[in-house]
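To start, the structure itself, in structure tokens.
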Amino acid sequence: MAGFKENIAALGVTIQPTPGVYNEPGQADLLPISAPDDGSDAITGDDPTLTGSIFAAPRQFLGRRGRAGATAILRGPGGTAPPGAAAWPLARILLGAGFTELINPTAITGTAAAGGTTSSIVMAAGSSAIDDFYNGMPIQHANIGGAGTIRGTSLIRDYDGATRRATLMETLATAIATGGYIIPPSLTYVLSTGAQIPLLSCKVWRHKKARKYRDCAISSFALNIPVSNDQNTDLPSIEFAMVGVPVPATDETTPLISTSQLLPPPPAKAGKFAFAGLKLGHQTMRLEFALETGAPPNQNFDAGQEGYEIMSGTRTVNLDLNEQLMASLDLDSLVDTQASVPLLSGWGQNVGNRFLAGVPNMFLDPFNPAPRNGFVGVSGTASPSDVDRSVALSVIY
Amino acid sequence: MAKTTTDESTAPGSFAPVPLLSNSYNFQDLLKASDHVDTLKSDEGRSKALGDIATKSASLQDVIAGIDAPAVPEGSRMEETEDSTGRKVMGAVAIPDTTSDEQPAK
């Protein structure tokens, strides 16, 4: 009998509409990933019964807790227009981590009104009067950069409904006094409050066998954006792990990922990176969520509990910047004053396979010198501070 | 004792229209609906919105009411039988009358 080859593996994920009912992932639900890490752990209870031996009675087996995780190299869904609701398999991981999906199928255009600055644009009359309505959405204007390019696209940091002023996550060289702007078609994910997070079903194939998990909740999430260059050849990725309830495994051959699901992953270069509005050099940006999951107890359920949910979490941004002159960027002052700082990263060239990631407001911890490939870097962490829409990831079309 | 607690959603209010799927929204729909969000601030707009929701709930009740179990005539019971093609189906079968007025043998 031939062995099981570890390179032949796949992971599929679906939104699970009904708690307790596994939603089988199929070919369209495959997520291009590196080697998956999944399995189940025993849930046990101590039996305090004395047996006449010095040794304790065997632990009582109460059930299994499933887990599945992997690293997905960040590649867009492609196509000429954004796909439908949660149709992009990676979107399901983002939704499971607390993001809200905003699908903008057609461009919204307008002419900038007077009063714009180097970090804000006054949107046209008729724009929404609701505060924060456009937060996290991409916007293009000639003063941001070349028309229709990732360098010509920025993310909206804040929106004031009364004045129609959209603040950007970067500072431009020239104020936006007039001229047309475009909110391009996009698939945008904004981190919401996490009050309503969908359950996931997950299936992990290893050559000829598939393990399955239902009622899954994301337990850890990281968006990793290293700059690709001569000395660092890593690609942007999303690392995730989830916990859930194991479903009986089946003997199934691993499906092949179709070519359309395997667009070339764009490296983080030839794009833009702005910290506190300033475009500067850096090596890595990593956004991490540490999430606490749990399941409400319920004796009416076979497992003695309901499905897993995210109960709480922390958000951290790890940054490795190039050392800067005090005259350019006074990091210590930003730390001491706890100024609210925006962060913007953009990369990729092709429609449906180019990204903008941003944190509209974050507070900094101290940054310290860290040698890196012969140059001086400064590394430190920051805490996103907004309650709603605190992080944005946008796939630009 | 007066009731002191109510069931209230703690969902964020920034995305008012119904999502396409879980937390997925069409941004153009949100844009069109932004006026509706404003009308919710007035009592009139709120009552209209609640009325719309009530109408949808009522139509759901109609759907549920329409899903009736097949009627079983009196004196019959549901049993597995064969239809004209020989396929096994559940159908109403008359319960055989096993009672009689006969006197027990002495």
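Taken residue by residue, region A:85-92 has no member that is farther than 26 Å from A:GLN349 by Cβ, of a type in the set (A, V, I, L, M) and more than 14 Å from every other protein chain (Cβ to nearest Cβ).
Go through region A:153-207 and tell me which strands (runs of 3 or more DSSP E), entirely inside it, have 3 or more residues that are buried (at least 24 other Cβ atoms within 10 Å of the Cβ), touching a Phe, Trp or Tyr at 6+ places or on another chain (Cβ under 9 Å) and within 11 Å of chain B (Cβ to nearest Cβ). Walk me through it before giving the result.
Details: elements: A:153-160, A:165-168, A:180-183, A:186-191, A:199-206.
Where strands (runs of 3 or more DSSP E) fall fully within region A:153-207 and carry at least 3 residues being buried (at least 24 other Cβ atoms within 10 Å of the Cβ), touching a Phe, Trp or Tyr at 6+ places or on another chain (Cβ under 9 Å) and within 11 Å of chain B (Cβ to nearest Cβ), they are A:186-191.
When we screen A:PRO265, A:PRO248, A:PRO255 for residues that are part of a strand (DSSP E or B), surrounded by fewer than 22 Cβ atoms within 10 Å (Cβ to Cβ) and not small (Gly, Ala, Ser), the only hit is A:PRO248.
Quick check on region A:107-150: of everything there that is over 24 Å from A:VAL351 (Cα atoms) and not in a loop (DSSP other than H, G, I, E, B), which residue is farthest from the other protein chains (Cβ to nearest Cβ)? Don't jump to the end; show me each part of the working.
Here is the first cut: in region A:107-150, the residues over 24 Å from A:VAL351 (Cα atoms) are A:112-133.
Then drop every residue that is not not in a loop (DSSP other than H, G, I, E, B), which leaves A:113, A:120-122.
Values: A:ALA113: 18, A:SER120: 20, A:ILE121: 17, A:VAL122: 18 Å.
Out of the qualifying residues, it is A:SER120.
A:SER390 fulfils the conditions (1) of a type in the set (S, T, N, Q); (2) closer than 23 Å to A:PRO226 by Cα; (3) in a strand (DSSP E or B) except for a single criterion, (3).
Over 23 Å from A:ARG65 (Cα atoms), at pLDDT below 95 and assigned by TED's automatic domain parsing to the domain that holds A:ARG67: does that describe A:SER328? Yes, satisfied. Exactly one residue out of A:ASP37, A:ASP29 is within 14 Å of chain B (Cβ to nearest Cβ) and either modelled with pLDDT of 95 or more or out of contact with any Lys or Arg (no Cβ under 7 Å at 6 or more places or on another chain) (or both): that is A:ASP29. Each residue in region A:21-50 was checked for being more than 26 Å from the chain's Cα centre (by Cα) and not β-branched (Val, Ile, Thr), and 7 pass.
When the test is whether a residue is in contact with a helix residue (DSSP H, G or I) (Cβ under 6 Å, 6 or more places away or on another chain) and polar (S, T, N, Q), A:THR14 passes it. Is it true that some residue in region A:298-314 is more than 24 Å from A:SER201 (Cβ to Cβ) and charged (D, E, K, R)? Checking region A:298-314: not a single residue is more than 24 Å from A:SER201 (Cβ to Cβ) and charged (D, E, K, R). Could you look through region A:71-103, keep only residues that are part of a loop (DSSP other than H, G, I, E, B) and aliphatic (A, V, I, L, M), and pick out the one that is surrounded by the most Cβ atoms within 10 Å (Cβ to Cβ)? Restricting to residues being part of a loop (DSSP other than H, G, I, E, B) and aliphatic (A, V, I, L, M), the top hit is A:ALA97. Give the residue that is farthest from A:LEU155 (Cα to Cα), with candidates limited to residues of region A:361-387 that are among the charged types (D, E, K, R) and part of a loop (DSSP other than H, G, I, E, B). The residue in question is A:ASP365. Within region A:4-44, being touching a Gly at 6+ places or on another chain (Cβ under 6 Å), farther than 30 Å from A:PRO236 by Cβ and part of a strand (DSSP E or B) holds for A:SER40, A:ILE43.
The values are calculated or read from the model by the stated rules, or taken from the named source; none is laboratory data. Keep in mind the model is a prediction, meaning the values are calculated, not measured. Counting neighbours? That spans all protein chains shown, and the Cβs are built from the backbone with ideal geometry, glycine included.
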